[in-house]
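Report on the following structure.
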Amino acid sequence: MVTIQDTELKEGILEAIGKAKKLSMPILVSEVQKIDNIDPLSFFAAGGERYFGERFFWKDPSDEIILVGLGISKQIQSDQASDRFFHVEKEWKRFISNGIIINDFKKQATGPTMFGGFSFDPLKKKTSLWSKFSQSLFHIPKYLLTKINGDVFLTTNVVCTQHDDPSIFDVLGIERQQIFSCVKPPSFSINSHLIDELEISPNSWKETVQKLINDLKVGSLKKAVLARELRLIFDENISIELVVNNLLKEQRESFIFALESNGDCFVGASPERLVKKQKNSLFSTCLAGSISRGQTVEEDTLLGNVLLSDEKNLMEHQYVVEMIKDAMEQVSIDVDIPDHPQLLKTRHIQHLYTPVRGTSSKDSSLLQLINLLHPTPALGGLPKQEAIEKIREVEELDRGFYASPIGWMDFEGNGEFAVAIRSGLIQGNEASLFAGCGIVEDSDVESEYFETQIKFRPMLSALGGRTK
Ligand SMILES: C=C(O[C@H]1C=CC=C(C(=O)O)[C@@H]1O)C(=O)O
Ligand SMILES: [Mg+2]
């Protein structure tokens, strides 16, 4: 399955140690092998004991790229608020700059690749809920499994210092063998049961929504997203593998992600892409405006048609289109945005959806694009800065990584970030689920409250809670 006697890696390590001595700095060696087909979630589960707290999982809706990371060869993390995207980019570039990359395959998301994300608002007062996550957090894994268009690759990343000796090659060999010997056919049994479900201050959330609606009618702010939390308590620790497995089965149209940090895990199934960059091609998504799914095909179509012609939802959506169009035009020579939204349906909800394409004009990096886009009015509001400040002031929830960019970027600058909605933070036997909705002046408090209830369902269902 994995060749342990790969001479190239051994030579790479020797070269890196020499280089580390010469430059007096740590040097990355990244080696890529094509391996036999293997179930990515089984690989994730195989690292459950040894690498718990140091794993990640990612799948895009088209099943083009699945990533699993085990172990950490380097972490990029910071609580710095100003220029945080630029700061991560600088650290990343420095880390890979002198690296030795052994990669014959030239496939995206193989070789040095980082996975992680950012908090929604680094200036919001952080609570203990998110104490295990820095404001910016990226993992460069020790072992990265990449399934791309059906082919599977294993990247091994090792950071060599001037004090290392070549025996680290043998250690890597043993570790890899151990991981692969733990890979078992996927079977994830339920080991914990829901014992309590707590809505966190629903009434004060409703009051805040009503006050915001009143403000929107008189001020310059046109839209702001307000979110809330639902806390679930289980009798035993929640199995991350089981939750990811359920999301994979139930949320096929979504990005599935899980990011572990110091024992906690942020996990979700988001239908919303923030941005994807493949060489010069750029893709983004406007997703805002929601309605429930019907019980029958007829009812479902009817609800979809209601959504497509509902003034309030169209307005909520249009603000997102305007902002993303504007941001994309700053970096793209041709921005292609359809005039009218279409529907995007997931298991529990349907949305107004407008895909966006462009071609990067300057050499804008993915993180520069994220800086321009985050938060779009689907998560923040319009005008952007005023909305962020409003949310910071009135929202009770500490969003942490909820509603923020989460995704990957490889050493050639390709990558994809989703907006981390339909998500939850798992902490042992507790899960905090998050859901918000776009408030505009025509919003109705009870309808918005109901909308958040629907938006909790993907995670509720994956955790085995009641969704009705
Ligand atoms: C903020 C969320 O959804 C956003 C994305 C799609 C539709 C939305 C809406 O209709 O309000 C929200 O803008 C969430 O799921 O927590
Ligand atoms: Mg809405």
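The values are calculated or read from the model by the stated rules, or taken from the named source; none is laboratory data. Quick caveat, the model's predicted, so the values are computed rather than measured. Every residue, glycine among them, receives a Cβ derived from its backbone with ideal geometry; neighbour counts consider all protein chains shown.
Here is a check on your reading of the model: is F133 over 21 Å from the mean Cα position of the chain (by Cα) and in contact (Cβ under 8 Å) with a residue 12 or more places away in the chain? Break it down stepwise before answering.
On the way: over 21 Å from the mean Cα position of the chain (by Cα): no; in contact (Cβ under 8 Å) with a residue 12 or more places away in the chain: yes.
When the stated conditions are applied, F133 does not pass them.
Looking only at segment 316-328, filter to residues that are in contact with a strand residue (DSSP E or B) (Cβ under 8 Å, 6 or more places away or on another chain) and free of Cβ contacts under 8 Å to residues at least 40 places away in the same chain; which one of those is nearest to S443 (Cα to Cα)?
Among those residues, the one meeting the criterion is H317.
Could you grab me the full set of residues in segment 84-112 that are among the acidic types (D, E) and modelled with pLDDT under 95?
Correct list: D104 only.
Which one of the conditions (1) away from ligand 1 (no atom under 16 Å from the Cβ); (2) in contact with a Cys (Cβ under 9 Å, 6 or more places away or on another chain); (3) more than 22 Å from P271 (Cα to Cα) does I426 fail to meet, given that it meets all the rest?
Evaluating I426 over (1) away from ligand 1 (no atom under 16 Å from the Cβ); (2) in contact with a Cys (Cβ under 9 Å, 6 or more places away or on another chain); (3) more than 22 Å from P271 (Cα to Cα) leaves (3) as the failure.
Among M328, M323, which is out of contact with any Cys (no Cβ under 6 Å at 6 or more places or on another chain), more than 30 Å from I240 (Cβ to Cβ), of a type in the set (A, V, I, L, M) and within 14 Å of ligand 1 (Cβ to nearest atom)?
After applying the criteria, what remains is M323.
Would you mind telling me which numbered condition in (1) over 30 Å from G71 (Cβ atoms); (2) surrounded by 14 or more Cβ atoms within 10 Å (Cβ to Cβ) C182 fails?
Going through (1) over 30 Å from G71 (Cβ atoms); (2) surrounded by 14 or more Cβ atoms within 10 Å (Cβ to Cβ) one by one, C182 breaks only (1).
Given the residues E15, E8, E49, which is the only one that is more than 11 Å from C160 (Cβ to Cβ), surrounded by 13 or more Cβ atoms within 10 Å (Cβ to Cβ) and among the charged types (D, E, K, R)?
The match here is E8.
Would segment 92-101 turn up any residue that is without any contact (Cβ under 8 Å) to a residue 24 or more places away in the chain and basic (K, R)?
yes
Restricting attention to segment 290-315, report how many residues are within 16 Å of ligand 2 (Cβ to nearest atom), part of a helix (DSSP H, G or I) and in contact (Cβ under 8 Å) with a residue 24 or more places away in the chain. Step through it out loud before you land on a result.
Here is the first cut: in segment 290-315, the residues within 16 Å of ligand 2 (Cβ to nearest atom) are 290-293, 303-304, 306-315.
Then keep just the ones that are part of a helix (DSSP H, G or I); that gives 303-304, 306-308, 311-315.
Checking the rest, the ones that are also in contact (Cβ under 8 Å) with a residue 24 or more places away in the chain come to 303-304, 307-308, 311-315.
Total satisfying the criteria: 9.
Give, as residue ranges, the strands (runs of 3 or more DSSP E) completely inside segment 174-266 that count at least 1 residues that are aromatic (F, W, Y).
Filter on segment 174-266 gives 223-234, 255-261.
Among I391, I370, which is the only one that is crowded, with 22+ Cβ neighbours inside 10 Å, more than 20 Å from F255 (Cα to Cα) and of a type outside the set (G, A, S)?
Result of the check over I391, I370: I391.
Taking segment 429-468, which residues are within 9 Å of ligand 1 (Cβ to nearest atom), of a type in the set (G, A, S) and within 18 Å of L247 (Cβ to Cβ)?
A435
Test of understanding: among K147, K93, which residue is under 25 Å from the mean Cα position of the chain (by Cα) and within 30 Å of I388 (Cβ to Cβ)?
Exactly one of K147, K93 is under 25 Å from the mean Cα position of the chain (by Cα) and within 30 Å of I388 (Cβ to Cβ), namely K93.
If we only count helices (runs of 4 or more DSSP H) wholly inside segment 355-468, which ones have 3 or more residues that are within 15 Å of ligand 2 (Cβ to nearest atom) and in contact with a strand residue (DSSP E or B) (Cβ under 8 Å, 6 or more places away or on another chain)? Steps first, please.
Values: elements: 366-373, 384-394, 445-462.
Those helices (runs of 4 or more DSSP H) span 445-462.
Looking at (1) crowded, with 18+ Cβ neighbours inside 10 Å; (2) away from ligand 2 (no atom under 16 Å from the Cβ); (3) of a type outside the set (S, T, N, Q); (4) not in a helix (DSSP H, G or I), which is the only condition F283 fails?
(1)
Only one of L343, L379, L366 is free of Cβ contacts under 8 Å to residues at least 40 places away in the same chain, of a type in the set (A, V, I, L, M, F, W, C) and on the phi < 0 side of the Ramachandran plot. Can you tell me which?
It is L343.
Which number in (1) closer than 25 Å to D63 by Cβ; (2) of a type in the set (F, W, Y); (3) away from ligand 1 (no atom under 16 Å from the Cβ) marks the one condition that F234 misses?
Just one mismatch for F234, condition (1).
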